[in-house]
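Please read the structure below before turning to the comments.
The values are calculated or read from the model by the stated rules, or taken from the named source; none is laboratory data. Model, not experiment: these values are computed from the prediction. Glycine gets a Cβ as well: all are built from the backbone with ideal geometry, and neighbour counts include every protein chain shown.
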């Protein structure tokens with residue numbers, strides 16, 4: 001008799017994605033879908049898609065979703081959660097969205113202690129627009145707008161948003177994870193689940209999970225090499241672990 | 001339609017309020033679930049009033065970190081089906097244009113109050129009507145409109161709010177209340193009463209958690225070929241319907257008028273006095289006051305221009321609404337303009353003088 005050991009979780013739609021081979025978004029989406037199903041919160045969850053590669057997240061996640069202006073998800077989430085305290089509100093944002101154009105919105109949502117869950121995908125580059133420098137781009141990293149590699153003297157250092165947010169009294173849980181291997185992916189799921197659970201319990205404050213995610217296309221390397229690059233390069237600048245909570 | 005706008009005279013108890021506070025209380029009576037805003041003069045009485053009254057009613061008040069955030073908080077609350085509003089003044093409204101464009105693309109209802117001040121740039125905090133173009137042409141990127149209501153007194157600051165929320169919900173779009181520093185600050189006796197309101201469609205599109213139904217998506221991104229054109233044509237249909245059904249306009253002694261003065265908002269209040277004085281002096285003058293600035297009362301003005309009359313447009317700007325009057329008159333009659341930009345406010349004598357000068361012009 002055949003036994004099913006792995007299957008699609010219902011909140012993840014049965015369709016191909018537009019993501020590049022080796023991209024981390026597919027993994028992160030699946031983790032979120034699994035968590036929503038395991039916590040049985042699909043019928044009261046509202047998700048917010050960013051501007052960036054994950055703008056079409058609502059095509060893959062089968063929950064009520066909205067797509068909003070670049071960087072503004074934490075403000076939109078504030079409007080949603082304040083008027084709907086019984087709903088579970090999460091935003092899914094990339095590094096350009098959250099750490100650059102939306103820096104004010106995430107900082108102040110954290111500062112006010114909004115009871116929302118933020119999934120922050122850090123792949124050190126702008127994907128959708130063609131591989132430009134992000135605030136989280138590594139020193140020396142070649143991008144479409146740093147042809148000679150990012151130089152601290154000209155473009156500044158990679159921005160450690162999670163460390164910054166962890167200093168705010170309004171944030172209750174901040175953890176940085178990675179999608180660089182099975183063990184790391186399992187830890188990521190545990191962290192995101194915890195962030196959702198805090199909101200379900202009504203914990204007073206913002207929870208955020210930063211996820212180091214591969215972008216083989218704009219890192220100009222194979223998917224396998226990209227996974228290695230997270231381990232050998234990114235983790236040095238963005239150390240993994242619980243920063244708060 | 002005009003009855004929907006006006007409060008029944010003498011009903012209830014009259015109380016003395018400034019325009020900003022009267023508008024805020026009227027929004028609460030109209031069922032505003034959430035207010036989000038950022039301080040800016042001359043509208044600060046609105047957030048201050050809301051910060052006290054909204055929690056009393058068990059509703060939401062949030063002081064945002066910026067106007068960008070405020071309009072996006074409105075976006076969030078509105079996406080879940082709540083009645084949400086923000087208020088600001090000119091520079092802050094410029095910052096909100098991104099959000100208004102997204103609201104328009106996503107077809108979300110919202111009420112935005114602009115208590116205009118002098119510009120461009122930081123300008124000053126004096127009353128102005130310089131944001132007419134921005135308000136009536138959409139203001140942000142893309143092919144869209146917002147319904148624009150132009151109150152001209154404190155009672156109308158009250159009257160416009162229930163209508164604004166109803167129109168926003170009915171057409172799923174932004175309704176802007178275009179007031180100015182005088183209307184916001186001055187005190188007048190007002191009647192506050194709960195109105196019956198329109199019969200509105202259920203918000204089946206709202207994000208409430210996909211309980212027992214398919215997922216709802218609120219979006220303004222339409223990538224497949226032809227899909228965005230389809231959305232724009234749908235919006236156009238809606239806008240045509242609004243132009244047909246929602247025009248509000250007031251006129252006075254037009255029938256025998258040789259001179260017609262067109263003004264809106266607080267400028268119309270001053271014009272009204274000037275025209276009455278002109279009549280007392282035997283000058284055949286009348287006035288037209290657009291109440292909805294978009295949709296514009298093109299038909300009413302065009303009709304008035306069917307007979308030869310001299311039109312005088314008075315604005316607290318260098319001439320913005322005058323362009324809509326020109327389009328409406330379409331060459332049938334001469335149009336002159338008198339404006340006071342940069343926070344200047346015309347007085348009755350100034351406008352009367354302009355009217356008198358027109359009587360010296362040779363007749364056709």
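Determine which single condition residue B:39 fails, assuming it passes every other condition in (1) buried (at least 24 other Cβ atoms within 10 Å of the Cβ); (2) out of contact with any strand residue (DSSP E or B) (no Cβ under 7 Å at 6 or more places or on another chain). Unmet condition: (1).
From A:18, A:29, A:70, which residue is away from chain B (no Cβ under 11 Å) and in contact with a helix residue (DSSP H, G or I) (Cβ under 7 Å, 6 or more places away or on another chain)? Only one candidate passes the filter, namely A:29. When we screen B:100, B:93 for residues that are within 16 Å of the chain's Cα centre (by Cα), within 14 Å of chain A (Cβ to nearest Cβ) and closer than 24 Å to residue A:75 by Cα, the only hit is B:100. On inspection, residue B:87 qualifies as away from chain A (no Cβ under 14 Å) and either buried (at least 24 other Cβ atoms within 10 Å of the Cβ) or in a helix (DSSP H, G or I) (or both). Residues that are outside any loop (DSSP other than H, G, I, E, B) and either within 11 Å of another protein chain (Cβ to nearest Cβ) or farther than 24 Å from residue B:109 by Cβ (or both) within the range B:213-248 comprise B:217, B:218, listed in sequence order.
Per this entry, residue B:292 is counted among residues that are surrounded by 14 or more Cβ atoms within 10 Å (Cβ to Cβ), modelled with pLDDT of 95 or more and more than 14 Å from chain A (Cβ to nearest Cβ).
So is residue B:56 surrounded by fewer than 20 Cβ atoms within 10 Å (Cβ to Cβ), away from chain A (no Cβ under 14 Å) and at pLDDT 95 or above or not? So residue B:56 fits the description; yes. Of all the criteria given as (1) part of a helix (DSSP H, G or I); (2) under 20 Å from the mean Cα position of the chain (by Cα), the one not satisfied by residue B:72 is (2). Meeting the requirement of 3 or more residues that are surrounded by 16 or more Cβ atoms within 10 Å (Cβ to Cβ) and touching a residue at least 12 places away in the same chain (Cβ under 8 Å), the helices (runs of 4 or more DSSP H) wholly within the range A:148-245 are A:161-166, A:182-201, A:216-219, A:223-229.
Once the range A:32-55 is narrowed to residues that are assigned to a helix (DSSP H, G or I) and within 8 Å of chain B (Cβ to nearest Cβ), the residue that is surrounded by the fewest Cβ atoms within 10 Å (Cβ to Cβ) is A:43.
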